[in-house]
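The values are calculated or read from the model by the stated rules, or taken from the named source; none is laboratory data. Bear in mind that the values here come from a model prediction, so they are computed numbers and not experimental data. Methodologically, a virtual Cβ is constructed for each residue, glycine included, from the backbone with ideal geometry; neighbour enumeration extends over all protein chains shown.
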Amino acid sequence: MKTFELEKNIWTEIDFEQMGWHDCFIHAFALDSDAYDDFIQSDLLFDIDYIFKWVLDKDSAHYYFWTAPCALIFREVTNLKIQYASGTSFLPELEISDIKRKEKLYENGHKSWHWQIELVGDSFISFDSAGYKQVVKRPPTYMDRQAFTRTERGGINFDESI
């Protein structure tokens, strides 16, 4: 097993093109309007396990993952839509298939983004937001699965501190 050098602890929309959330698990999400006086806007917070690197073991043909718990926070969220298809016999875990964005330019010159978080199983979360911050809560761990258990991660946590 090699070590993994984390490039930085905080990632933002500037880093979007080099990031990918495929197969990342969402353990919890919440809306936070405490940062705004008017309560018209909220931040959308996700407690996720982010996969920094997939590693194929050639001997076993099995993948291993460098994964870390992270807080993913989208700022000033508007137009929030959630479609969740649970299936017939159980509630599937919230697993990200992809995150896409389209630039939104308003008449007054303000620039924002329309975000679409595509989830496994015909589900999605879409919204408009100026951008995001993803905070790495601890160094990535090399493991044979893509997500931590709640106990391994230390519970649900939206904390932005490192």
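Odds and ends about this structure:
- Any hit, segment 53-69, residues being among the hydroxyl-bearing types (Ser, Thr, Tyr) and over 27 Å from THR141 (Cβ atoms): no
- Within segment 128-144, the set of residues being under 15 Å from PHE16 (Cα atoms) and part of a loop (DSSP other than H, G, I, E, B) comprises just one member, ALA130.
- Listed by position, the strands (runs of 3 or more DSSP E) contained in segment 39-122 that have at least 2 residues being exposed (fewer than 10 other Cβ atoms within 10 Å of the Cβ) are 94-105.
- A residue that is surrounded by 13 or more Cβ atoms within 10 Å (Cβ to Cβ), polar (S, T, N, Q), at pLDDT 90 or above and touching a Leu at 6+ places or on another chain (Cβ under 9 Å) occurs somewhere in segment 130-146.
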